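Working notes for the structure below.
The values are calculated or read from the model by the stated rules, or taken from the named source; none is laboratory data. Everything numeric in this text was worked out from a predicted model, so none of it was measured. For neighbour counting, all protein chains shown are included, and Cβ atoms are generated from backbone atoms with ideal geometry for every residue, glycine included. Only protein heavy atoms, including side chains, enter the accessible area calculation; ligands, DNA and RNA are left aside. Shrake-Rupley method; radii C 1.70, N 1.55, O 1.52, S 1.80 Å.
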Amino acid sequence: MDKRDDKALPAPLDQESRVVAQDHTALKLWLRLLTCTTLIEGSISQRLRRGFASTLPRFDLLAQLYRAPEGLRMSELSRRLMVTGGNVTGLADQLEREGLLLREAVPGDRRVIRLRLTNEGWVRFAEMAAAHESWVVSLISNLSAAEQRTLRTLLGKLKLGLHQDAEQESSASVPSSVVPDRTTASPTLHRSPTVRSADAFPRIRRTHSSGET
């Protein structure tokens, strides 16, 4: 009979591996949140590839259009997904070739393009969304319903604070007026960072931030 050491298995290597006892609780919490997010996204990504030959960014774009039957402008999709217009264009090209979405001009301004799901896109995404929800439910099932509600409430409080902090940072970066420096010929303007807000995916999840396409 094979004798094995009766020692606890070492903790898996992940983002939390860098934590030491002296680290601030806030840092430990952030790395745990990051680890959980990475593990969940990794699992969902694999399942999407196996079951639907799709990726998280494609799923996220379809999810946004699913919530907006009238369609969305490219700029609005970029804002919701927190990615550049180039990223949206690349994904839209793929999905259009597959017959899942179509481009159409906005009435009154034909220079602006709006994306909208096709009938096939609606059917395809509904299948993916149902599977996605069952995966998320399974992945978080080691928390009770009450624990899930409590965690959601606490994270909602954290999210609100983060949004407020981002807005303050953005406001502080944009001067209301520029006062010329009398010692120089012209003032220097500081560019403010772009702050985007993401709409939550209906009933299931926020947009993923994966680098895949």
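Contact order, relative form, for the stretch 20-96: 19 percent (alpha carbon pairs under 8 Å, 6 or more residues apart, mean separation divided by residue count). For the set LEU160, LEU151, the ranking by accessible area, highest first and with no ligand, DNA or RNA atoms included, is LEU160, LEU151 under a 1.4 Å probe. If you plug the beta carbon distance of SER141 and HIS163 into 1/(1 + (r/R0)^6) with R0 = 25 Å, you get a FRET efficiency near 0.30. Return, ordered by residue number, the residues of the stretch 38-73 whose backbone nitrogen is under 14 Å from a label point located 7 Å along Cα→Cβ of GLU133. Residues 67 qualify, since their backbone N sits under 14 Å from the label point. Entry note, the stretch 33-165: relative contact order of 22 percent, from Cα contacts under 8 Å with a spacing of 6+ residues. Positive contributions from Lys and Arg (+1) and negative ones from Asp and Glu (-1), summed over other residues with Cβ under 15 Å from the Cβ of GLY51, come out at +3. Residue by residue, the stretch 163-173 carries 3J(HN,Hα) couplings of 4, 5, 5, 5, 5, 5, 4, 5, 5, 5, 7 Hz when phi is fed to the Karplus relation 6.51 cos²θ - 1.76 cosθ + 1.60 (θ = phi - 60°); x denotes Gly or Pro.
With R₀ set to 45 Å, the beta-carbon distance separating GLN46 from ALA105 gives a calculated FRET efficiency near 0.75. Near SER54, the amide H atoms lying under 5 Å from its own belong to ARG49; only residues 5 or more places off or on other chains count, and H is placed 1.01 Å from N. Computed in the context of the full set of protein chains, the accessible area of the stretch 132-172 at 1.4 Å probe radius has 57% of its extent on carbon or sulfur.
The candidates THR55, THR25, THR37, arranged from most to least accessible area with a 1.4 Å probe in the full protein assembly, appear as THR25, THR37, THR55.
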